[in-house]
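Below: one structure, written as structure tokens.
The values are calculated or read from the model by the stated rules, or taken from the named source; none is laboratory data. None of the values given here were measured: they were computed from a predicted structure. Cβ atoms come from the backbone with ideal geometry, glycine included; neighbour counts cover every protein chain shown. Please note that ligands, DNA and RNA were not included when accessible areas were found on the heavy atoms of the full protein model with its side chains. Shrake-Rupley method; radii C 1.70, N 1.55, O 1.52, S 1.80 Å.
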Amino acid sequence: PVLRGAASGQEAAADSSSSILASFLERQNRHPAAHRNRQIALAQHEAAKALHEIDDVEFWGAQGVQGLRTYLKKKFGSIIAGWRALDQDCNGRLTFYEFCNACRKMGYHGNLRRLWRDLDVDLNGYITLVELDKEAGLMMGSFKLRLLQEYGDMLTAWEKGIDRNGSGRIEESELKACCQRLGFDCDTKKLYRMLRSSPSTSTHGLTLEMFDADAYRRKVTGDLKGHLSGANKEFLEDLPGMGQDIAIPEDVASHKPGGAVAFRNELKAKEREHACRVIEESYKLKRALHTAEGFKRVLICRCGSLLGAWRQALDLDGNGRISFGEFCVALERLGFYGDVQGLWKLLDTSGKGYLLFSDLDQKAADRLSAFYDKLREAHGNLLLAWVKELDKKQCGYVDERNFSEACERMGYSRKEAQRLFQLMKPEVGRRLLTLKDFDTKAYLAFGRGDFRMLSEGEGMQKTQDGQGLLDLSFEDRQHSAFFHQIRNAWTIAQREEFAKTTGMIPEFVIDTPEEFQQRCVRRYGSVIAAWRQCLDSDGNGRLTFNEFCESCRRLGYEGNFVQLWQQYGGQEKGYITLRELDPKADELVTTFLKLLGERFGTIDEAWKAGFGKDPHESIDEPLLEKMCGELGYPHSSHKLFKYLQPFRGGICLTIWDIDPECTRKRQRGDEASLGETKSGNTSSPQSRSGDASSSSSSLAPRLRAALKNKYGSTVAAWRSLGGERLLDTIAFTHLCRLLQGCEFSGSAKRLWQGLGRG
């Protein structure tokens, strides 16, 4: 009874609280503010719903199958390219898992489950291209089936039926021609647009990768039969009647498990076939060496022609004949082995003991002999014929046109001249003919300066009336000797009249002071750049006569060195400076360096404080102009910038270009003071040697500075001597090696003594 009474009391309390809450909510709902808030919330809900509907109109994911088609066309250029982006394994079908992953990967959003239900109309668990776009699927399937029926596989269809020119890229006209040959009636323009995978209209052509991914993979990997690819059923499974009324193509139906083993066996078979082919070619080569005709074919295969083989491989000394010993050496050098003695007997049919070129090719030898005889008759010997008739421009070679023109002047026809040119070419691909290709003896005589070819047994004066040497006087015998005749030939060849006759005078020779300075400007941009980089190679500011002659030879000056030396005043002082070569440039640069030295003292201070640059940085012309203005430089800053340039066309200057000698001193650890006059330095050798032998107390700071410039710190320099092991002491040889590494200038012995006393 007590528990029942307590429960009834709790129920009464709950009823009273619910009635109180209901009356409270009723009063709140009747309040005007609650009604206004309710209306605002409903209006916001309606507005959000309307905005979502507007967004869904522009959102491809909310437009179902049509939205997916439009998205694929805009992103990939065609529905086929979009399908291949979805179907990564190219098996022609998509499962729901593959479809969702591909859509997320390409950035397509929407209700994928609802889209899948719209696409998978037959509820077979996968979708194909026909379900995505029926027109594209049927067109692609029919076109692929027709190609497979005609060519067997898609790679062969591409190479033989579509890309017949082998360019690797086809146009719409080529696809249209292929469809006409196949008898395939379709809209080729639409088919071409479907296959292209570029949304841009500016790109042209269709590649194999766009056409068929499996065929492209076969070509790249070398698996032409597709052992590793599997059955390529893409676009074929949805064709009506496939496998029933229409037979499955052989390339699709023949794929079975074990493709890797079949591909490996195919590679082994190709290797065996290649090895057998190499052995067969080697056997043919050995068999060819047993006959004269086979030997000639081998020479032509190796050297391009029989004449080229004769000059390059057989008759190396150029005497026009080869002995049996030379023949054996030549065959060994060429790598030909066999019955050499038997081959020699086949070639030397007359038994004369040597071979001529006529033994290899009688017709070619007769044609060359007739051609050479005409040249000797007109010019005396073949070298003069080459210089006067063939190579008139002294280029060292003639082309086919010039050779034909020269032959036509001698009475040959154009075709005969072309045959002669082809015969004399040492290689098949050569377009030029040199003197060595023209005649070996003439080439050797030209190297000796023997234009009468006396050293080659031609041009020797014969005794008159058949007289013997004993019938001649002493003077006549002396004049008929070889030494006398070749000396006269050399003397004549050095005359200007002979050079004019043969056309061997060069068009332009640098032999005047004006041309010398112009050469310096053309080569280096200015005389001062030529002075720093070529003339004053040791950087001491002056040139002795020997240094001057060396520099002139490097520049290609062909005039009188002594006259040029005297013209620049070297005879009086014993040396010349930049001031004698180009006074204006010397004045501009010397004035600038002097002002810079007075303001900053050293090159380091000028570069850091004046120009505000790190030693590894460079300056341009405006910065140099600004510095000239601050220094009160009286000359043109533009000309100064041009003179300081190390080469023509430069746009910046480094610390080396301001004063190279001062920069070298800085690198060695010496005091790099600016404004020191090099061109006017006339100090005696004793004073210069006194400067070089400085005291040991001044050498130590210079050594530390040089080590810091080279290694960063003296500790790093010390560690470089011992490698991984840190040395406690070093020997004199270690110090010398250290000084050589940091390019230190000074007495190593004096420095060693000073450091030892310290």
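Structure notes:
- A viscosity of 1.002 mPa s and a temperature of 20 °C, combined with the Kirkwood radius over C-alpha pairs in the Stokes-Einstein formula, give region 202-358 a diffusion coefficient of 101 µm²/s.
- Rg/Rh for region 561-661, where both radii come from Cα atoms and Rh is the Kirkwood radius: 1.04
- Count Lys and Arg as plus one, Asp and Glu as minus one, and take only other residues whose Cβ is under 10 Å from that of Glu98; the net charge is then -1.
- Near Gly152, once Lys and Arg are set to +1 and Asp and Glu to -1 for all other residues with Cβ below 12 Å from its Cβ, the sum equals -3.
- Distance from region 254-274 to region 581-660 (C-alpha centre basis), Å: 74 Å
- Scalar couplings 3J(HN,Hα) for region 560-566, obtained by applying the Karplus form with A = 6.51, B = -1.76, C = 1.60 to θ = phi - 60°, are 7, 5, 5, 5, 5, 4, 5 Hz; x denotes Gly and Pro.
- Toward the positive end of the charge dipole of region 313-458, with +1 on the Cβ of Lys and Arg and -1 on the Cβ of Asp and Glu, the farthest Cα among Ala385, Ala406, Leu420 is that of Ala406.
- Protein heavy-atom accessible surface, 1.4 Å probe, per residue over region 339-411: 52 Å².
- Region 290-395, accessible surface, carbon-and-sulfur percent (1.4 angstrom probe): 52 percent
- Couplings for region 596-602, taken from phi via the Karplus curve 6.51 cos²θ - 1.76 cosθ + 1.60 with θ = phi - 60°, read 5, x, 5, 7, 10, x, 10 Hz in order; Gly and Pro are left as x.
- Solvent-accessible area per residue, Å², over region 524-668 with all protein chains present [probe radius 1.4 Å]: 48 Å²
- Other residues lying with their Cβ under 14 Å from the Cβ of Leu314 contribute a combined charge of -2, Lys and Arg counting +1, Asp and Glu -1.
- Cross-link table Lys584/Lys708; Lys374/Lys425; Lys74/Lys134, entries beyond 27 Å C-alpha to C-alpha: Lys584/Lys708
- Of the cross-linked pairs Lys219/Lys268; Lys388/Lys441; Lys160/Lys268; Lys233/Lys256; Lys352/Lys441; Lys388/Lys436, those separated by over 21 Å at the C-alpha level are Lys160/Lys268; Lys352/Lys441.
- Each of Phe324, Leu343, Cys303 was scored by the projection of its Cα onto the charge dipole of region 293-345, and the greatest displacement toward the positive side belongs to Cys303; charges sit on the C-beta of Lys, Arg, Asp and Glu.
- Relative to its Kirkwood radius, the Cα radius of gyration of region 274-417 gives an Rg/Rh of 1.06.
- Reciprocal of mean inverse Cα separation for region 588-635 (Kirkwood radius, Å): 10.9 Å
- Prolate/oblate/rounded call for region 84-139, Cα gyration tensor, a/c under 1.5 rounded: oblate
- Backbone amide hydrogens, once placed in the peptide plane, bring Ile322 within less than 5 Å of Leu355, excluding anything fewer than 5 places away on its chain.
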